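Take a look at the structure below.
Only the coordinates and a few stated rules stand behind these numbers; no lab work does. These numbers were taken from a predicted model, which means no experiment stands behind them. Note that each Cβ is placed from the backbone with ideal geometry, even for glycine, and that neighbours are counted across all protein chains shown.
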Amino acid sequence: MTARGARPSIFNDDEEFALLTTHDEMLLEALYNPALNPGMGLEEARPILRRLFEKGES
């Protein structure tokens, strides 16, 4: 995916955003969530991420 195809985000180098978008907040919450640990497999991490992202959509 190119940066142009990314949602508006501070992580998209082609756009300037001074504030975090909802999408950015969800990504950061997942990145720093204590339930997720380095080295976790996809099958272990997926249910945790699914709960986080479903909560963020409501």
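Residue-wise, which Karplus ³J(HN,Hα) couplings in Hz belong to the stretch 38-43, taking 6.51 cos²θ - 1.76 cosθ + 1.60, θ = phi - 60°, and x for glycine or proline?
Per-residue couplings from phi come out as x, x, 5, x, 4, 5 Hz.
How would you order 39-45, 21-27, 50-56 from highest to lowest mean count of nearby Cβ atoms within 10 Å?
Order by mean packing, descending: 21-27, 50-56, 39-45.
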